[in-house]
Amino acid sequence: MVTDLDARARAILTGNDRGGYTVPTAGLYPFQWNWDSAFAAWGFSTFDPDRAWTELETLLAHQWPDGMVPHIVFHRDDRGYFPGPDVWDTGRPVPTSGITQPPVAATMARMILAADPGQAGRAAALVPKLAAWHRWWMRARVREGVACVVHPWESGRDNAFDWDGGMANVDGSEVGTYQRRDTGHVDASMRPTKAEYDRYLALVQWGRAHGWDQVRMADEGPLLVADPGTCFILIRACDDLAALAAAAGVSDEGAGDMAHELRAGLGGIWNAEAGFWDARDLRTGAFSGILSAGAWLCWLAGAGRPEMASHLARAMDNVRYALPTVDPTLPTFEARRYWRGPAWPFYNALAALGLRDAGLGAEAERLRADTEALIRGGGFYEYFDPTDGTPCGGKDFTWTAAIWLTWAGRGA
Ligand code: GLC
């Protein structure tokens, strides 16, 4: 049965469709974003499977020769976004950014094929591209056995606490003057600060000055932080790529081995003193010491631990709507500032996939029911205040609509 909200969610996906790719939301994010696009594909698979495959195909069509799949593809010019293609200056035929984003595409492709098994051929054609991207991760971002980011945007959790330690050592004082565009679309109190933005730009300028040499960025660049969220997503993506390849009848191109290798390195992000999975600045070796949202994805990679289950219970007990993106009992928790507290519907969907597979069905259902309530109460917003459900950020958001159709709106 198609409900009014289902119809609204479909209309958001089709309304944000720019022809072969979907923008996260009109205005604030007017291009194709990597992991948003993978979620969009999952959403489309519920009513237009052909369009779902196209979304993934378009994303991978802009893969770099070294295997990287960029975090933004600037299909068309749009002055409403900063930093645009002229700032990145990556020299790609269709301009892109010069960093990547969490590799959820293989996980989404596997679910899309399960829903549309007749398309093994299209899935088979994606496997080598996804495998090349995962190998790129191993070569250009896995250091000391763990997946790292060289820019906070690469994690998809832009202003999370995870990067504060590393970013303190990034000099943002020389970036020159620039005009932000994000704060013209949404309230500045919900967005990263100016000091954070200066450093984001300094990292972009470093990459550009070094010809976007991805290995060099990891080995010599200003920032290198081991990211639990990306580690768990990449492990899961390698497992899912192996399964996708098997279902499509093609070689997994070493995906299973990559998953194995990454699991062996996970000890590098276990903060034993604090008792949780934690981001670690590889330039100094220091853990962040703050329980942040990346840790909530441990179950996706089969890396749940008893300590994490009790952290999850405490976090859920301390907000009305799970999941907060930082431990809500900390004084640093900010209920409405982006990745420093708010609940994100798409992230809940991802965390719930892991919880379900780990046998934590009650927790997964709490996430689903809370996400359903947030969307029913506030609409298809980018994220929400987890204490009172206030909708925040951009509206008519693609991945919020997508996970409504695939998960949040599908009942217990
Ligand atoms: C923000 C989010 C990131 C997302 C992008 C587009 O930068 O932090 O995860 O991909 O917006 O929605």
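In the set GLU154, GLU174, GLU144, which member is touching a residue at least 24 places away in the same chain (Cβ under 8 Å) and at positive phi?
GLU144
Between a residue in segment 81-93 that is modelled with pLDDT of 95 or more and open to solvent by 30 Å² or more (accessible area, probe 1.4 Å) and any residue that is of a type in the set (D, E, K, R) and in a helix (DSSP H, G or I), which pairs come within a Cβ distance under 6 Å, given they are 6 or more apart or on different chains?
Partner pairs satisfying both residue conditions: ASP89/ARG208.
With the condition kept exactly as written, say whether any residue in segment 316-327 is part of a helix (DSSP H, G or I) and over 19 Å from the mean Cα position of the chain (by Cα).
So far as segment 316-327 goes, yes, one or more of its residues are part of a helix (DSSP H, G or I) and over 19 Å from the mean Cα position of the chain (by Cα).
State whether one or more residues within segment 137-160 are open to solvent by 50 Å² or more (accessible area, probe 1.4 Å), more than 30 Å from GLY275 (Cβ to Cβ), at pLDDT 95 or above and more than 21 Å from the chain's Cα centre (by Cα).
Scanning segment 137-160, I find no residue that is open to solvent by 50 Å² or more (accessible area, probe 1.4 Å), more than 30 Å from GLY275 (Cβ to Cβ), at pLDDT 95 or above and more than 21 Å from the chain's Cα centre (by Cα), so the answer is no.
Any residue that is in contact with a Cys (Cβ under 6 Å, 6 or more places away or on another chain) and over 16 Å from TRP153 (Cβ atoms) - is there at least one of those in segment 186-208?
yes
Can you find a residue that is within 16 Å of the ligand (Cβ to nearest atom), assigned to a helix (DSSP H, G or I) and in contact with a helix residue (DSSP H, G or I) (Cβ under 7 Å, 6 or more places away or on another chain) anywhere in segment 69-78?
no
Hey, among the residues in segment 331-354 that are away from the ligand (no atom under 16 Å from the Cβ) and either crowded, with 24+ Cβ neighbours inside 10 Å or β-branched (Val, Ile, Thr) (or both), which one's nearest to ASN318 (Cα to Cα)?
THR332
All but one of (1) modelled with pLDDT of 95 or more; (2) open to solvent by 10 Å² or more (accessible area, probe 1.4 Å); (3) under 19 Å from the mean Cα position of the chain (by Cα) hold for MET190; state the number of the condition that does not hold.
Result: MET190 fails condition (1) only.
Out of (1) open to solvent by less than 10 Å² (accessible area, probe 1.4 Å); (2) more than 27 Å from GLY176 (Cα to Cα), the odd one out for ALA248 is which?
Going through (1) open to solvent by less than 10 Å² (accessible area, probe 1.4 Å); (2) more than 27 Å from GLY176 (Cα to Cα) one by one, ALA248 breaks only (1).
If you go through segment 254-272 one residue at a time, do you hit one that is in contact with a strand residue (DSSP E or B) (Cβ under 6 Å, 6 or more places away or on another chain), over 22 Å from ASP164 (Cβ atoms) and not basic (Lys, Arg)?
Taking every residue of segment 254-272 in turn, at least one turns out to be in contact with a strand residue (DSSP E or B) (Cβ under 6 Å, 6 or more places away or on another chain), over 22 Å from ASP164 (Cβ atoms) and not basic (Lys, Arg).
Can you name the condition, by its number, that THR54 falls short on among (1) part of a helix (DSSP H, G or I); (2) open to solvent by less than 10 Å² (accessible area, probe 1.4 Å); (3) more than 16 Å from PHE397 (Cα to Cα)?
In the conditions (1) part of a helix (DSSP H, G or I); (2) open to solvent by less than 10 Å² (accessible area, probe 1.4 Å); (3) more than 16 Å from PHE397 (Cα to Cα), THR54 misses (2) alone.
I'd like to check something: does segment 362-376 contain any residue that is in contact with a helix residue (DSSP H, G or I) (Cβ under 7 Å, 6 or more places away or on another chain), over 16 Å from PHE276 (Cβ atoms) and of a type in the set (Val, Ile, Thr)?
Checked against the condition, which is being in contact with a helix residue (DSSP H, G or I) (Cβ under 7 Å, 6 or more places away or on another chain), over 16 Å from PHE276 (Cβ atoms) and of a type in the set (Val, Ile, Thr), segment 362-376 yields at least one hit.
Would you point out the residue of segment 355-366, among those that are closer than 24 Å to LEU234 by Cα and small (Gly, Ala, Ser), that is surrounded by the fewest Cβ atoms within 10 Å (Cβ to Cβ)?
If we take residues in segment 355-366 being closer than 24 Å to LEU234 by Cα and small (Gly, Ala, Ser), then GLY359 is surrounded by the fewest Cβ atoms within 10 Å (Cβ to Cβ).
Specify which of the listed residues (ALA303, ALA349, ALA335, ALA401) is modelled with pLDDT of 95 or more, more than 19 Å from the chain's Cα centre (by Cα) and not acidic (Asp, Glu).
ALA335
Just checking, which of ASP327, ASP370, ASP388, ASP396 is open to solvent by 20 Å² or more (accessible area, probe 1.4 Å), more than 16 Å from the ligand (Cβ to nearest atom) and not hydrophobic (A, V, I, L, M, F, W, C)?
Result of the check over ASP327, ASP370, ASP388, ASP396: ASP388.
May I ask you to list pairs of residues, at least six apart or on different chains, whose Cβ atoms are under 7 Å apart, with the first in segment 14-43 being touching a residue at least 12 places away in the same chain (Cβ under 8 Å) and at positive phi and the second being more than 10 Å from the ligand (Cβ to nearest atom) and assigned to a loop (DSSP other than H, G, I, E, B)?
Short answer, once both residue conditions are applied: GLY27/GLY80; GLY27/HIS185.
Take SER310 and tell me if it is at pLDDT 95 or above and in contact with a helix residue (DSSP H, G or I) (Cβ under 8 Å, 6 or more places away or on another chain).
The answer is no for SER310.
Counting only residues that are more than 9 Å from the ligand (Cβ to nearest atom) and of a type in the set (Ser, Thr, Tyr), which one in segment 21-36 is surrounded by the most Cβ atoms within 10 Å (Cβ to Cβ)?
Step by step, filter segment 21-36, then rank; the result is THR22.
The values are calculated or read from the model by the stated rules, or taken from the named source; none is laboratory data. Only a predicted model underlies this, so the values are computations on that prediction, with no experimental measurement involved. Reconstructed Cβ throughout: ideal geometry from the backbone, glycine too, with neighbour counts over all protein chains shown. Side chains are part of the model used for accessible areas, which takes the heavy atoms of the whole protein and leaves out ligands, DNA and RNA. Shrake-Rupley method; radii C 1.70, N 1.55, O 1.52, S 1.80 Å.
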